Amino acid sequence: MPSIIDYRSDTVTRPTPAMLEAMFTAKVGDDVFGEDPSINELEQKTAALFGMEAGLFCPSGTMTNQIAIKVHTQPGDEVICDALSHIYLYEVGGIAFNSGASVRLIQGNRGRITAQQVAESINPSDVHKPVTTLVSLENTSNRGGGACYSVEEIYAIKRVCEQNQLKLHLDGARLFNALIATNEAPITYGLLFNSISICLSKGLGAPVGSVLLGNQTFIQKARRIRKVFGGGMRQAGYLAAAGIYALDYHVKRLAQDHEHTKAIAECLQKKDFVGQIMPVETNIIIFEVKGRFTPKAFVEAMEKHHIKVMAISPTQVRMVLHLDIHPLMVQLTIDAIEAL
Ligand SMILES: *Cc1c(COP(=O)(O)O)cnc(C)c1O
């Protein structure tokens with residue numbers, strides 16, 4: 001067991017021995033020529049899982065999101081999303097940089113917006129206004145503390161999009177956490193969105209990679225954009241093999257991360273220096289630290305127990321559960337928090 005217990009992010013996981021074995025024995029080829037059997041398999045497998053036509057393997061979730069926005073918009077168009085969206089907050093202004101599009105931010109509920117808010121944010125046909133063309137949702141919401149959408153709300157948003165000729169994209173970096181928590185089937189999501197981005201390198205534990213899903217025409221365009229973004233890779237099948245392994249073996253176990261997350265949140269709740277804890281739905285805890293501790297002092301106190309957590313604002317700390325956090329580590333963490 002590693003000597004550090006790292007809750008800063010679910011991106012810190014390392015490949016397991018079995019995943020490394022799958023990578024080591026992968027069949028590979030030049031993917032820019034479309035000749036990497038492992039990448040082709042991963043793209044087809046993921047698309048089939050969601051009942052979508054095609055997939056595109058990319059190095060990061062930032063790239064899959066940015067490619068989707070680029071394909072769905074023209075310069076000067078407007079994208080509707082929640083003010084806490086990863087595509088807005090954490091992708092380096094890529095909506096402007098890559099697509100020349102403007103953004104209409106909605107103040108949602110823990111990263112989730114409603115069909116009514118979307119309807120109210122669509123620009124009228126007016127020569128002064130940017131043309132609204134895309135709505136982007138995030139499920140689970142990262143900055144919203146791992147909050148999940150209900151399928152009913154997404155369906156209502158989809159109807160507003162259809163009535164107004166808007167495309168609907170999903171940043172599903174943690175979509176599998178949402179599917180496990182809400183007991184929904186991937187196929188349901190495939191029917192609701194024009195494009196979906198999923199990350200293999202978060203809770204699923206692959207070292208690298210995201211897959212963008214959509215129909216054939218969309219993915220054909222996306223493949224060209226991936227090339228111009230510098231994301232055309234060659235024998236990346238070694239990475240795709242890790243993704244295939246993750247989809248086969250690391251999805252169901254997310255339920256365990258969710259249980260661990262609840263256990264730690266329950267322990268935090270009892271401490272006088274912990275203020276509001278965002279409702280825990282999946283593998284993320286975002287909580288206020290007050291009184292005897294500041295977030296920075298709490299981070300340092302945990303560091304003494306070789307536990308890494310992250311201060312994400314002057315008042316808040318975030319902890320994220322993942323594949324490399326074992327039950328014993330959770331117990332050690334709970335003991336450390338109780339002793340503070
Ligand atoms: C991590 C993440 C991404 C993609 O991040 P990369 O580091 O570029 O892979 C996208 N959206 C959300 C919500 C995320 O948490």
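Taken together, the values in this text are just the output of simple stated rules run on the coordinates, not laboratory data. Just so we're clear, the structure is a prediction, and the values are computed from it rather than from any experiment. For neighbour counting, all protein chains shown are included, and Cβ atoms are generated from backbone atoms with ideal geometry for every residue, glycine included.
So what is the relative contact order of the chain, in percent, for Cα pairs below 8 Å that sit 6 or more residues apart? Could the numbers behind the result be given before it?
Details: 693 pairs, mean separation 83.3, N = 340.
Across the chain, relative contact order equals 24 percent.
Under a cut-off of 16 Å between alpha-carbon atoms, report the lysines in cross-link reach of K290, not counting same-chain residues fewer than 8 places apart. Straight-distance partners of K290: K270, K271.
Give, as a single signed number, the net charge of other residues whose beta carbon lies under 13 Å from the beta carbon of R104, with Lys and Arg counted +1 and Asp and Glu -1. Present the calculation step by step, with values, prior to reporting the outcome.
Values: positive: K129; negative: D77, E78, D82, E120.
Neighbourhood net charge equals -3.
Pick from R223, R292, R253: which residue has the top mean-square fluctuation in a GNM of the chain where Cα pairs under 10 Å get a spring? Sorting by GNM fluctuation, first place goes to R292. Listed from fewest to most Cβ neighbours within 10 Å, the set K262, K158 follows the order K262, K158.
The lysines within cross-link reach of K167, meaning a Cα-to-Cα straight distance under 28 Å and a gap of 8 or more places when in the same chain, are K45, K70, K129, K158, K202, K221, K227.
Extension gain, A119-A185: 0.36 nm per intervening residue step, less the Cα-Cα distance, totals 21.1 nm.
Can you compute the FRET efficiency between Y249 and L105 using 1/(1 + (r/R0)^6), with r the Cβ-Cβ distance and R0 = 56 Å? Round to the nearest 0.05. Calculated value: 0.90.
What does the helix-only formula give at 222 nm for the chain: each DSSP H stretch with n ≥ 4 adding -39500 (n - 2.57), the total divided by the residues, and the result rounded to the nearest 500 deg cm²/dmol? Show your work: numbers first, answer last.
Values: 14 runs with 142 residues, N = 340.
Rounded to the nearest 500, it is -12500 deg cm²/dmol.
Extent along the principal axes, Cα only, for the chain: 59, 52, 34 Å, with the longest axis given first.
Local charge sum around K129 (other residues, Cβ-Cβ under 12 Å, Lys/Arg +1, Asp/Glu -1)? List each step's numbers first, then the result.
Values: positive: R104; negative: D77, E78, D126.
My count for the surroundings of K129 gives -2.
Using only alpha-carbon positions in segment 253-339, the gyration tensor eigenvalues give semi-axes of 19, 14, 11 Å once each is multiplied by 5 and square-rooted (largest first). If you take all other residues with their beta carbon under 12 Å from the beta carbon of F176, and give Lys and Arg +1 and Asp and Glu -1, the sum is +1. Taking the Cα centre of each part, how many Å lie between segment 1-54 and segment 207-278? Here the answer is 11 Å between Cα centres. Could you work out how far the C-alpha centroid of segment 76-130 sits from that of segment 188-206, in angstrom? Between the Cα centres of segment 76-130 and segment 188-206 lies a distance of 20 Å.
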